[in-house]
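Chemist: Starting off with a structure, shown below.
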Amino acid sequence: MHSTRVLFTEPGRAELRREVLPELSGDDLLVRTRVSLVSTGTERNCFLGQFERPSHWASWVRYPFAPGYSAVGEVVATGPTAARHRPGDRVVLRRSHQSHAVVSEGSVYPVPDEISDEAAAWFALSAIAQHAVRRTGALFGQPVAVAGLGPLGQLVLQYAAVAGASELFAVARGEARLSAAAQHGATTVLAGGIATHIPTITNLTGDEGVGVAYDVTGAPDALAGLAGLTRETGTLVLVGDTAWPGQQLFGGAVLRRAQTVIGVHDSDIPRAPVGRHLRGTFAENVKLFFHLLSHERMRVEDLVTHTFAADEAEAAYKLIAAPDNDAIGVLLDWRKLDL
């Protein structure tokens, strides 16, 4: 068995490489990928090799590097003890961009029939965004700001709306991303840098500021700006992982206003229940995401702005590497790859 995988062989270079897969055993599944979603912010940094050294980014990204972690596939074969899945089942899996993968049965999640491949591919980013909103608790009646409206920011915005935010301020530099936010729950969209909108948002919230602000920009200076438009004892949620952590600024407002800062990362999502009452495991987050899609309380398929054939992967990465590109959801389509 073989698989074709996207590899960054050096900064600015993406190639397809063929590799041998292990034989199936135990509860293994052989999954053929249908589509995979590019995590545009993270994968852009990895593709370009533009990040602080030393940093956790530099420790993680070593070339050749296999990007990606959000795929939809079809089970084509099962190991001898696999019991929950059979050939033909659609599943989502956390694997890099590759045509086939051998995975354990417990590491995949079933896709409901009514959910398209293009929507299901958002499951991994959705789990992170959902975790960010879970960490802040109920948002009933709270004015909320979301800065950074790439794929992750768009999901945070929608979850904040589901969680009861009374007002949703969406801040970004790209008009296409602001337009998408306006169609997915934002009550006010503001183009440009965060600091320029502090007076506007303060005025619109009765001189108080927002109760919760989510930084999904990946920019090291964004958090300080968001602190300036967040009320006393308000909450700042750091979701975007900046590639320049040594330059990250909190600003004096965090201290003066007794604000709480919450850091959110994919690795912080519980993978398995611990005790009877723990909620918000990765599996539960995926299940809720599919439920909300099925009941049309969230929409993501219309956030897909670009789809590339898998063998055009380098073109996809050059697109998201371009300054001021308007991409939101970028898919790699493996369904027609000649293997």
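Chemist: Got a number for carbon plus sulfur as a percent of the chain's accessible area, 1.4 Å probe?
Modeler: Answer for the chain: carbon and sulfur cover 50 percent of the accessible area.
Chemist: I've got another one for you. Using alpha carbons only, how many angstrom separate the centre of region 123-186 from the centre of region 243-267?
Modeler: A separation of 18 Å, based on Cα centres.
Chemist: Also: Report, by chain and number, residues whose modeled amide H sits under 5 Å from the one on TYR109, excluding near sequence neighbours (fewer than 5 apart, same chain).
Modeler: Those qualifying (amide H under 5 Å, at least 5 residues apart or on another chain) are VAL92.
Chemist: Hey, another quick one. In Å², and per residue, what accessible area does region 162-277 have when probed at 1.4 Å with the other protein chains present?
Modeler: Value for region 162-277: 47 Å² per residue.
Chemist: Please compute the length gained on full extension between SER55 and ALA272, using 0.36 nm multiplied by the number of residues separating them and subtracting their Cα-Cα distance.
Modeler: Roughly 75.2 nm would be gained on extension.
Chemist: Ranked highest first by the average count of other Cβ atoms within 10 Å around their residues, in what order do 93-100, 191-198 fall?
Modeler: Result, highest mean Cβ count within 10 Å first: 93-100, 191-198.
Chemist: For n ≥ 4 DSSP H runs only, could you compute -39500 (n - 2.57) per run for the chain, divide by its residues and tell me the 222 nm figure to the nearest 500?
Modeler: That comes out to -7500 deg cm²/dmol.
Chemist: Restricting to DSSP loop positions (anything but H, G, I, E, B) with no more than 15 other Cβ atoms inside 10 Å of their own Cβ, which chymotrypsin sites (Phe, Trp or Tyr not before Pro) remain in region 119-155?
Modeler: Filter output for region 119-155: PHE140.
Chemist: Now, a different point. With both bridge residues required to lie in the chain, what share of the DSSP beta bridges run antiparallel, to the nearest 5%?
Modeler: Rounded to the nearest five, the antiparallel share is 55 percent.
Chemist: I would also like to ask the following. Eigenvalues of the Cα gyration tensor times 5, then square-rooted: what semi-axes does that give for the chain, in whole angstrom, largest first?
Modeler: The answer is 35, 22, 18 Å, longest axis first.
Chemist: Turning to a different aspect of this structure: Against the longest alpha carbon principal axis of the chain, how many degrees, from 0 to 90 and to the nearest 10, is the axis of helix 282-294 turned?
Modeler: 80 degrees
Chemist: Go through 73-79, 42-48, 107-113, 257-263 and give me the packing order, highest mean Cβ count within 10 Å leading.
Modeler: 42-48, 73-79, 107-113, 257-263
Chemist: So for region 32-115, Kirkwood radius off the Cα pairs, Stokes-Einstein at 20 °C and 1.002 mPa s: how many µm² s⁻¹?
Modeler: D, rounded to a whole number, is 148 µm²/s.
Chemist: Here's something else I'd like to know. So how much slack lies between HIS265 and GLU23, counting 0.36 nm per residue of separation and subtracting their Cα-Cα distance, in nm?
Modeler: Additional length available on full extension: 83.8 nm.
Chemist: How far is the Cα center of region 58-108 from the Cα center of region 1-44, in Å?
Modeler: If we compute the Cα centre of each part, the gap is 9 Å.
Chemist: Sorted by packing (mean other beta-carbon atoms within 10 Å per residue), highest first, where do 51-64, 220-233, 28-41, 146-159 land?
Modeler: Per-residue mean Cβ counts within 10 Å order the peptides as 146-159, 28-41, 220-233, 51-64.
The values are calculated or read from the model by the stated rules, or taken from the named source; none is laboratory data. It should be emphasised that the depicted structure is a prediction, and the values quoted were computed from it without experimental measurement. Cβ: placed from backbone, ideal geometry, glycine included. Neighbour counts: every protein chain shown. These area figures cover heavy atoms from the full protein model, side chains too; ligands, DNA and RNA do not enter into them. Shrake-Rupley method; radii C 1.70, N 1.55, O 1.52, S 1.80 Å.
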